[in-house]
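Colleague: Below you will find the structure I want to go over with you.
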C-alpha cells in the first residue's frame, strides 16, 4: 500500500457526495435531452407536449361554475394526458354562504349586507346552513327548510344534493315571493317562530 489510506467512513462520505453529484448531472442531461427532443418535434410540427383543447361541461345547476375536463386521445398515459375532476361548486357552508351573498348583492346592491345579516341567523336557526338538514317532526328539508321538501324541484332537479339550488329556491321562490326581503322574513320568524 502506498500513500495515505483514508478511514472507511471518509470513503463512504466521499462516495456519497460523488454519487449525488453524478445523479444531479444525469438528471440535468436528461432534462436537456427532453427539452431538445421536444423542441425538435415542435419545429417539425409534431409536439408531444401539446394537449387536446379542453372540453367544457356544464353543471346540472345553471348558476354553478362550469368545469373543464381535458382528455387525451391516446390510450396510454403520456405527457399530453391531463385529467381534472369536474367540481362545479363546493358544498361547504362557507361556499354556500358566499353564494347566498352573491345573490343578495345582485338583488340588493346597496343593502345586501343588511339583508344577509337577516338571512344568516334565519337559516342558521332553521338548518345551520346544512343542505341535508331534515326536521324529524314536520319533514321540512334543506337549508331553507322547505315543506314539503319537493317544492324545491322548482329551482332544479338536484335540490336534494345541491346547496346552491336550495339557496336559489329559498330566496327566489320563497322569501322574495312571500316576504319580499330576508329581513321581513326574519322579522316574521322572530314574532311567530316560523317563516
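Colleague: State the Kirkwood hydrodynamic radius of segment 93-192 in Å, one decimal place, computed from all pairs of distinct Cα atoms.
Modeller: Values: mean 1/r = 0.0754 Å⁻¹.
For segment 93-192, inverting the mean 1/r across all distinct Cα pairs yields 13.3 Å.
Colleague: Which log10 I(q)/I(0) values does segment 110-151 give at q = 0.15, 0.21, 0.24, 0.28 Å⁻¹ under the Debye formula, counting every alpha carbon as one identical point scatterer?
Modeller: Taken in order of the listed q values, log10 I(q)/I(0) reads -0.38, -0.63, -0.74, -0.87.
Since every read-out is calculated from the coordinates, none of them should be taken as a lab result. Predicted, not measured: the structure shown is a model, and the values here were computed from it.
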